[in-house]
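Chemist: Sharing a structure with you now.
Please treat every number below as a calculation from the coordinates, not as lab data. Just so you know, these numbers come straight off a predicted model, no measurement behind them. Cβ placement follows ideal geometry from the backbone for every residue including glycine, while neighbour counts extend to all protein chains displayed.
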Amino acid sequence: MNLKDKINADLKDAMKAGNKIRLETIRSIRALILEFEKSGTGKEMSPEDEISLLSSASKKRKDAVEQYENAGRKELAEKESAELEIIQSYLPEQLAPEKLFDQIKELAAELNAVTKQDFKILMPKAAQKFKGKADGKLIKEIVEKVLG
């Protein structure tokens, strides 16, 4: 089942259950999918596109949570956090930082990346390999740690 079908099924379930936050979040994901489809590119949504779309929505929610917490708007931060959890349930399981560190270390060994100058070699490969499986900021921190 692709993302669009899963979202449509979950939308119906959320409506029946009367879960307002879940319903709003799923509708926002559905809107992103429809926007992608009507973008005029004429291509089908691939699994990579789905991950990219969900990752972008997830990142926006994380940023919003941070901004609301800094502004002292706890109720809005909690709402964004709830939406973030729902969005992340559609993403592939996130790697634990320890496991990600080990895998990036292995990737660095494969690419013979050992110094900070090798960042431009290792970072794109790591970002591509772990896209959707880990946060970009975390990947960058670990790459710097491995090379540092």
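Chemist: Taking segment 1-50 as the region of interest, how many residues are loosely packed, with under 12 Cβ neighbours inside 10 Å and under 18 Å from ALA82 (Cα atoms)?
Modeler: 3
Chemist: Give segment 99-124 a look and list any residue that's small (Gly, Ala, Ser) and assigned to a helix (DSSP H, G or I), or say none.
Modeler: ALA108, ALA109
Chemist: Okay, next question. Only residues in segment 56-85 that are more than 20 Å from LYS131 (Cβ to Cβ) count as the first member; pair them with residues that are polar (S, T, N, Q) and buried (at least 18 other Cβ atoms within 10 Å of the Cβ), Cβ under 8 angstrom, at least 6 apart or cross-chain, and list the lot.
Modeler: Cβ pairs passing all conditions: ALA82/THR25; GLU83/THR25.
Chemist: Please count how many residues of segment 53-72 are over 21 Å from LEU34 (Cα atoms) and surrounded by 14 or more Cβ atoms within 10 Å (Cβ to Cβ).
Modeler: Qualifying residue count for the region: 5.
Chemist: Tally up the residues in segment 42-93 that are assigned to a loop (DSSP other than H, G, I, E, B) and closer than 17 Å to ARG22 by Cα, please.
Modeler: Number of matching residues: 3.
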